[in-house]
Structure formats: C-alpha cells, structure tokens
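Structure record follows, encoded as structure tokens.
The values are calculated or read from the model by the stated rules, or taken from the named source; none is laboratory data. Every value quoted in this text rests on a predicted model; they were computed, and no experiment measured them. Note: ideal-geometry Cβ built from the backbone for every residue, glycine included; neighbour counts use all protein chains shown. Side chains are part of the model used for accessible areas, which takes the heavy atoms of the whole protein and leaves out ligands, DNA and RNA. Shrake-Rupley method; radii C 1.70, N 1.55, O 1.52, S 1.80 Å.
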Amino acid sequence: MERLKPMSHATRKNIGVIGLGIIGRSVAGNLRRKGFPVYVWNRSPRSVPNFVGSPGEVAEICNYIQIFVSDDDALLQTAQQLGERLTPRHLVLAHSTVAPDSMRAAAEIVERRKARFVEAPFTGSKTAAENGELVYYVCGNDAALRDARPILEASSKEIIEIGPTIGQASAIKIATNMITAASVQATAEALALVQALGLPLDKFIEAMRSNASHSATLAMKLPKMISRDFEPHFSAKHMLKDMQIANQIGLSNYLDLGVTAAARDQLLEQMHWGHGDDDYSVVARKYLHEPAPVAGEELQLDEQEEQTGAGESIASSAEMKTQSQQEAGPEVSPAPLISVASSGASNETTRLRPGFFKQLLSRLSSGKE
C-alpha cells in the first residue's frame, strides 16, 4: 500500500515528455495507460494528443518532465530551452545516452533554477519500451529519486540506482552498449565465416542457443540479421554515437579500446552507405551477401581488367553515388552486390573480392581530403 500512495499522488501531476522517437512515444503511451496526464513536445511536430508548442510550454504545464532526445547537443539545448521556465516545483528526468560531462552540464542548467534533476538513461529498445519493460540506471539525490520512481515505474521492469553523482549512470550505460555493439559485430563476422564455408545458418542459430555466449541480444538480433530484417529498434546512428563517446572517454583516460574502436568503424561504414536509420545490426549487411541467382552468372573480372580500369570504374561510380547522397540527403544505399557496366547494354553483378572494400573506402577517404 505504501508504494501506491506516491503513484496516486503523481497521477494528479502533469507529466511532460520531450522527444517522441521510438522510446519517447512508447513511454508517453505507457504513462497515459497508467493514468498520468501527459503533454508532449518534439522538434518535428506530431499529430498526437496534447502536443504543445515548445519545451517552455511543457514546463509551464507540467511539474515532471522526461527528456528523450537523441544526443549531447539536443539534451543541452533542451535544458536551456526549459531553463527560464523551471522552478523548485519541477523535477527533470534526463534519459538520453550522452557523455557524462554533458549530463552534468544539463544538470547544472536545471539546478541553477532550483529545480531537481535525475539522470536516468535506460536499456531496452522498441519492444521493451512498448511493453513498459525498460531498465533505468539512475543517479540523483534521495528525495528526487523517491519522487521520480512512480514515473519511471510506468515504463520499466527495473530501476537500478547507480549512485548520487550525476554522470555515473551515463558511464554505466555507455559501458553496457560497448558490449552490445561488440557482440553484434562479432556475430556478423561469425555468420560470414559460417556462410563462407557453405554451412547452413540455421545450424549456427541452433548451436548458439546452447552456447555460453548466447544472450537476450543475440536471441533477438541473430534471426533478424540472417533474414536481413533491419527495421530499427535501436538505430545504427545512435549506436555509433555511443561508440564514439566510449572511444573519446577511452582516449582521455589512456585506454586502448580496440574492440570498441572496431565496432565504431563498422557502424561508421554503414553510415557512409546511408544505413544510419536502420537497426545497428545492419553491420551484418557487409558480411551476408545474397547468393548469385544462377550458378555461373557471376561476372568474373580478370586480372587485366582489375588493373587497368574496372576497379577505377567501380570506385568512380561509388564516389559519384556518395557525392549525390551528400547533396540530396540519405537515400537507399547500395546493396552488398556492386553493379558494373559491361560491354553490352545491360549491367551484371559482381561479388566483391576480399580486401576490395577496404581499398574502396581508402579511395573515398582520399578523395574527400
């Protein structure tokens, strides 16, 4: 009964949700289902109930404000937009995965107005958010955490208190994402090996289910990677951002984070190909190629063609495509098979030779410089 009292009290308080991405909109829905009056704002307007005009308007209407924006700059900008409207009655919960320094800077902006601040990054993607099963890592003073708990419980299955110091929860979240990104990257490479040896991929899934390395992440991602289903649950661009933060922290602390750097580079490669909005498991796209439609139809480049012009033609085509994407915005990116103009009227497909992709990236990079 004691746990119900703060919840009952909280339902008489308006809650603002800022940021209506995959997670934010699901959290807003869970809050409403639990009886909270919810008001929302997003940088791009949405046709949803109680959409207000600005973060400042959210602060005018709501005592409790949850922030689900995507990166460091967006979090700091939101905190500044809220700033002048904040009072001691406000409790701000920041859920973005950002660098610890950015989280501390946001807290300082909020607390300068005598409002309270709770750091609460989370783990769990689209399905967990929809089902109210996120796990929050939280930092803040005892009073703020006590008042925040009923709000967090509406969208979570667990709340883990990390400590009183703002920034510590962000560090934990970044560390957990390092393992997640590395695990999916290793899985993509393992699938490539299994496929290259002509083994059935479903046997790999079966073997992994009983393997000590199996995890909830692999249970969710592995079948989707094999079927090339990259519907975003957690986007490649957001995971890339987290790996960049991890590597920056590593550099500032003289740490050699080789695995994290490798995961970052593979995500960055997918960004270059226009897959930033796909799920971060899209790294498998590089390794799992579609089989040739008919045996013997693959175009075989002889050594002379590769040395005298075919490779240059491929690189030139890729550079033109990359330049076009930069000018026109991200479009559907090239498939793992590259089209090469043949002497006839139609194009045929060729499979990349080992080491070719690194050479192509090197050319693209040198061209940009």
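Taking square-rooted eigenvalues a ≥ b ≥ c of the alpha carbon gyration tensor, is the range 56-202 rounded, prolate or oblate, where a/c under 1.5 means rounded and, failing that, a/b exceeding b/c means prolate? In terms of gyration-tensor shape, prolate. Measuring against 25 Å, Cα to Cα, the residue pairs 34/114; 114/173; 241/286; 173/286; 157/203 contain 34/114; 114/173; 173/286; 157/203 as the ones spanning a longer distance. Near residue 156, the amide H atoms lying under 5 Å from its own belong to 134; only residues 5 or more places off or on other chains count, and H is placed 1.01 Å from N.
Across the range 130-167, the residues whose backbone nitrogen lies under 18 Å from the label position 7 Å along the beta-carbon direction of residue 217 are 134-137. Given R0 = 41 Å, the distance between the Cβ atoms of residue 127 and residue 254 translates into a calculated FRET efficiency of 0.60.
Accessible surface of residue 113, taken over heavy atoms with a 1.4 Å probe and every protein chain present, rounds to 100 Å².
Starting from 0.36 nm per residue, how many nanometres of slack lie between residue 224 and residue 33 once their C-alpha separation is accounted for?
Numbers: separation 191, 0.36 × 191 = 68.76 nm, distance 3.02 nm.
So the extension gain works out to 65.7 nm.
What the phi angles of the range 152-157 give under the Karplus curve with 6.51, -1.76 and 1.60, with θ = phi - 60°, is a coupling list of 5, 4, 5, 10, 9, 10 Hz, glycine and proline written as x. Sorting the segments 148-159, 133-144 by their residues' average number of neighbouring beta-carbon atoms within 10 angstrom, most packed first, yields 148-159, 133-144.
Starting from 0.36 nm per residue, how many nanometres of slack lie between residue 135 and residue 202 once their C-alpha separation is accounted for? Mind showing how you got there, number by number?
Working: separation 67, 0.36 × 67 = 24.12 nm, distance 3.08 nm.
In short, 21.0 nm is gained.
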